[in-house]
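Encoded as structure tokens, the structure appears first; notes follow it.
Throughout, read-outs are computed from the coordinates displayed, never taken from laboratory work. Since the model is a prediction, treat every value here as computed from it, not as a measurement. Note that we place each Cβ from the backbone using ideal geometry, even for glycine, and neighbour counts take in every protein chain shown.
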Amino acid sequence: MAPSKQDADIVLFPFMAQGHIIPFLALALHLERKTNNTISIVNTPFNIKKLRASLPPHTSVSLLEIPFHASDHGLPPNTENTDVVPYGLVIRLLEASTSMRPAFKLLIQNLMDSQHHRRPLCIIADIFFGWTASVAKEVGAFHVIFGGCGGYGMACYYSLWFHLPHRKGQGDEFLLPDFPEAGRIHKTQLPANIAEADGSDAWSVFQNKNLSEWAKSDGILFNTVREVDSGGLDYFTRKLGLPVWAIGPVVLSTGSRLGGGVRAEACREWLDRKAGNSVLYVCFGSMNTMSGEQMMQLGEALEESGRDFIWVVRPPIGQDINSEFRAEEWLPQGFVGRMQESGRGLILIHWAPQLEILSHKAVSAFLSHCGWNSVLEALTHGVPILGWPMAAEQFFNCKFLEEQLGVCLEVARGKSCEVHHQHIAATIDVAMADHGKGAHMRSQAHRLRGAIADALRDDHTLTGSSIQALRHFLSAAANTPKPRSPSE
Ligand code: UDP
């Protein structure tokens, strides 16, 4: 079981999904750079193996395993990550994850026993692991929740789970009773599990318990910037009465990413041939795809727009997302050939070196599902967004970017909505124009890039808000009263 001689000041514990593990890895490496604490990431054997392969060389971040037996919980054997289960089983993986409580507690106790002369341990846990807060209380550790998402998006998501149901009675649009400053939410902006929730279904029961347990924590960390996203942060301060620290943006640097270097080189060469601010980058994150019809319409729209583009494609909904991409079947006839011949479009299958692309001066706009990491990566590089949210809090991220930050134009909503190529092409045109709305979005994106860079500044003229927040969080953790050892 837990290695008793391991050493750690800070233990990070992400939920078993790539979209959660990646921001936690980014946070671990950020903490390693910014502090002199020893840092460990805890997870199940399969995820630890994957993480080990993606750790940069020379890091001191260590990886700790705890056992997890998927088949004890009605899951296929070895199901340890959402990327190997159909969406319908994700809730079962979440429910099953609470079974790690005894093993997690033992691991933390062992760590604390082996270092009881030093500071108390700090646990940084996933938004889905509210239960870890009471483990921390029992053993006398400091505990925070880390939201890899934005403050505004998470505040909407949190509020919606506590005001069920949303299926009937509220009209098409409604205000959140405890977060009215978010503006009106439309029913089409509800993720499927919230739209269907009635308080008694599995998701409602899980989230009610999980989110309620956040209040037992010692604080919340958000991967965001206070100057950009204060409304959502204030919401949590108000709701939970806990410190809320905005420490972002924390993203993996290009050097410590999964995905091939050869592909990055090829993308750079392709982009180097393009004029500044001329290319649209299209990508829907690490796990989403769209319907076959939507993919066809998007292909036609990209061709019709006349703009240069990089498009990351994956098999449409209904197909195995990791299977071979059948371009002749899923894209307009002859599309790939025409785009290659004209040099207008670079079509990448499954995965792109996103940070390298967004940081290239040829990129003008990003058609994105508005996953929070993608949003941070775009804003860090001053790139405006065309939003096509697909799931979870992405709908609220998109709304926030459009209505409150003015850096986004929504193109479509969801994985099953009807879309028309003419509409998509016209929206691309507006966003990429160097006048009117497009120019305004670009100048807002530049302004935000500056605010974000300032938040991370740490020099003799400025200590940015995210650096200050990180220091406040670390000093709160270090000042927790040391738990008494059994012999005292
Ligand atoms: N990503 C990438 N290449 C791809 C797709 C995604 O590098 O082809 C990275 C992207 O840079 C981001 C993460 O995967 O860091 C996706 O996170 P996000 O929160 O945007 O969306 P999710 O995948 O969680 O839906």
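Which order do peptides 50-60, 422-432 fall in by mean Cβ count within 10 Å, highest first?
Top to bottom by mean Cβ count within 10 Å: 422-432, 50-60.
With only Lys, Arg, Asp and Glu charged, each at its Cβ (+1 for the first two, -1 for the last two), find how big the charge dipole of the stretch 45-166 is about the Cα centre; round to the nearest 20 debye.
Here the stretch 45-166 has a charge dipole of around 280 debye.
Which stretch or stretches of the stretch 295-319 have amide N atoms under 16 Å from the point lying 7 Å from Q340's Cα along the Cα→Cβ direction?
Output list for this probe position: 311, 313.
Please report, in Å, the Rg and the Dmax of the stretch 21-146, where both are computed over Cα atoms only.
In Å, with Rg to one decimal and Dmax whole: 15.0, 46.
Using Cα positions and a limit of under 17 Å, work out the aspartates and glutamates in reach of K34, with same-chain residues fewer than 8 apart set aside.
D9, D454, D458, D459
Distance check, please: which entries in K105/K137; K187/K399; K187/K415 exceed 22 angstrom between their Cα atoms?
none
Expressed as a rounded percentage, what relative contact order does the chain have, with Cα pairs under 8 Å and six or more residues apart?
Computed value for the chain: 14 percent relative contact order.
Please report the antiparallel percentage of the DSSP beta bridges confined to the chain, to the nearest 5.
Numbers: 3 of 45 bridges.
Just about 5 percent of them are antiparallel.
Just want the ordering: S253, S475, S159, S230, from fewest to most Cβ atoms lying within 10 Å of their own Cβ.
S475, S253, S230, S159
Taking 25 Å as the cut-off for C-alpha to C-alpha distance, list the pairs among K50/K361; K50/K216; K274/K437 that go past it.
Result: K50/K361; K50/K216 exceed 25 Å.
Provide the net charge surrounding G88, with neighbours chosen by a C-beta distance below 14 Å and charges set as Lys +1, Arg +1, Asp -1, Glu -1.
Here the charged neighbours net out to -2.
On a C-alpha basis, how far is the centre of the stretch 131-150 from the centre of the stretch 400-456 in Å? Whole number, if you could?
36
Which order do peptides 370-383, 231-244 fall in by mean Cβ count within 10 Å, highest first?
Per-residue mean Cβ counts within 10 Å order the peptides as 370-383, 231-244.
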